[in-house]
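The structure appears right after this line, and notes come after that.
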Amino acid sequence: NVLVELTSVSKSYGNLHPAVNAVNEVSFIVSRGERVALLGKSGSGKSTLLNMIAGLDRPTVGKICVAGRILSELSATAIADYRRECVGMIFQAYNLIPWRTALQNVELPMVFDRREKAERTAAAQEALAAVGLTERMGHRPSELSGGEQQRVAIARALMNGPELLLADEPTGNLDSSTAEDILESLRRFTENSQTATILVTHDEELAYRFSTRVLHMLDGRLDHDSGVGDV
Ligand code: ADP
Ligand code: ADP
């Protein structure tokens, strides 16, 4: 039931002097359906780690295996396939396309889908309805609140039924009650599903509230794993 496996993963930025060891010999396993928080102070290596799992960046040494794929052995095309087929991502800054409507943003991941356009639109409408945005489908990101924009991003990230949902400080720009709503939606959509979630945050309370397991990062190292023993 293993979905993600990191084996002694390190990442250094050696072109800088002295070299920065952003991530240092990190190993852990995430099972299908698990909700994991990656907790640590700014600069502790969380985003670097998440980006490597997302296939956006490569380890200097070590191995990352997701859903049977060894990421370092994949070609650029295979990485693009991996991202499209396996991964959904949510960011602090939402990363929606500003000139497209909410509906168009959510339709985006389905561009390679064989279904008819009308079916894809219906699927996107259903996803937006599920996050409570039926009335906002024709709005552009600038016409939506931060919480609404993040709901659009959640709908988009879940559109292709990802095995792995990666969220980098998804509530970093939101007030605390909106943040709670967003995490609640994320939990609702991933609970009882095989989708595993890795949430990056510096907020300890939020980490423990959202996830079933917390990985503490300290200076690029995995300092503590609250779930060791029950993995
Ligand atoms: P976090 O997400 O926990 O804030 P990061 O993964 O962003 O931490 O950063 C970890 C360390 O790596 C920091 O010291 C940061 O300055 C450094 N770093 C991150 N990205 C780069 C980069 N592209 N080039 C050089 N150093 C980087
Ligand atoms: P292209 O390959 O056509 O250049 P990108 O990969 O840059 O497209 O993605 C286009 C848009 O889709 C961007 O806004 C990006 O943030 C978003 N996106 C890409 N991959 C994912 C994903 N796995 N989950 C959610 N959004 C994604």
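Quick test for you: out of Thr77, Thr48, pick the one residue that is β-branched (Val, Ile, Thr) and either farther than 18 Å from Met217 by Cα or within 16 Å of ligand 2 (Cβ to nearest atom) (or both).
On inspection, the qualifying residue turns out to be Thr77.
Considering each residue of the range 114-131, count those that are touching a helix residue (DSSP H, G or I) at 6+ places or on another chain (Cβ under 9 Å), part of a loop (DSSP other than H, G, I, E, B) and without any contact (Cβ under 8 Å) to a residue 24 or more places away in the chain, and give that number.
Number of matching residues: 1.
Under 6 Å by Cβ, and 6 or more places apart or on different chains, what pairs join a residue from the range 78-93 that is of a type in the set (Val, Ile, Thr) with one that is within 10 Å of ligand 2 (Cβ to nearest atom)?
Cβ pairs passing all conditions: Ile79/Gly55; Val87/Ala54; Val87/Pro162; Val87/Leu164; Ile90/Ala153; Ile90/Ala157.
From the list Ile90, Ile97, Ile79, which residue is within 16 Å of ligand 1 (Cβ to nearest atom) and either crowded, with 16+ Cβ neighbours inside 10 Å or aliphatic (A, V, I, L, M) (or both)?
Going through Ile90, Ile97, Ile79 in turn, just one is within 16 Å of ligand 1 (Cβ to nearest atom) and either crowded, with 16+ Cβ neighbours inside 10 Å or aliphatic (A, V, I, L, M) (or both): Ile90.
Could we say that Ser142 is within 16 Å of ligand 2 (Cβ to nearest atom), at pLDDT 95 or above and not in a loop (DSSP other than H, G, I, E, B) here?
yes
Just one of Asp203, Asp223 is surrounded by 15 or more Cβ atoms within 10 Å (Cβ to Cβ), at pLDDT below 95 and over 25 Å from Ala130 (Cβ atoms); which is it?
Asp203
Among what's in the range 8-23 and is hydrophobic (A, V, I, L, M, F, W, C) and exposed (fewer than 15 other Cβ atoms within 10 Å of the Cβ), pick the residue that is nearest to Ile64 (Cα to Cα).
Residue satisfying both the conditions and the ranking: Ala19.
Of the residues Glu73, Glu135, which is within 30 Å of Ala22 (Cα to Cα) and either surrounded by fewer than 17 Cβ atoms within 10 Å (Cβ to Cβ) or modelled with pLDDT under 95 (or both)?
Details: Glu135 fails: within 30 Å of Ala22 (Cα to Cα).
Just a single option satisfies the conditions, and that option is Glu73.
Six or more apart or on different chains, Cβ under 9 Å: which pairs go from a residue in the range 39-53 that's under 20 Å from Phe210 (Cα atoms) to one that's assigned to a helix (DSSP H, G or I) and near ligand 1 (Cβ under 7 Å from one of its atoms)? Could you list them?
Leu39/Lys46; Gly40/Lys46
From the set of residues in the range 1-39 that are within 16 Å of ligand 1 (Cβ to nearest atom) and in a loop (DSSP other than H, G, I, E, B), which is nearest to Gly220 (Cα to Cα)?
In this case the residue turns out to be Ala19.
Applying the selection to the range 148-185, what residues are of a type in the set (A, V, I, L, M, F, W, C) and in contact (Cβ under 8 Å) with a residue 60 or more places away in the chain?
In the first step, residues of the range 148-185 are kept if they are of a type in the set (A, V, I, L, M, F, W, C); the result is 152-155, 157-159, 164-167, 174, 179, 182-183.
Ala153, Ile154, Ala157, Leu158, Met159, Leu164, Leu165, Leu166, Ala167 - these are the residues of the range 148-185 that are of a type in the set (A, V, I, L, M, F, W, C) and in contact (Cβ under 8 Å) with a residue 60 or more places away in the chain.
Has the range 24-45 got at least one residue that is among the polar types (S, T, N, Q), touching a Ser or Thr at 6+ places or on another chain (Cβ under 6 Å) and surrounded by 15 or more Cβ atoms within 10 Å (Cβ to Cβ)?
Scanning the range 24-45 turns up at least one residue that is among the polar types (S, T, N, Q), touching a Ser or Thr at 6+ places or on another chain (Cβ under 6 Å) and surrounded by 15 or more Cβ atoms within 10 Å (Cβ to Cβ).
Within the range 173-189, can one find any residue that is within 16 Å of ligand 1 (Cβ to nearest atom), surrounded by fewer than 19 Cβ atoms within 10 Å (Cβ to Cβ) and either at pLDDT 90 or above or at negative phi (or both)?
yes
The values are calculated or read from the model by the stated rules, or taken from the named source; none is laboratory data. Fair warning: this is a prediction, and the values are worked out from it, not measured in the lab. Note that we place each Cβ from the backbone using ideal geometry, even for glycine, and neighbour counts take in every protein chain shown.
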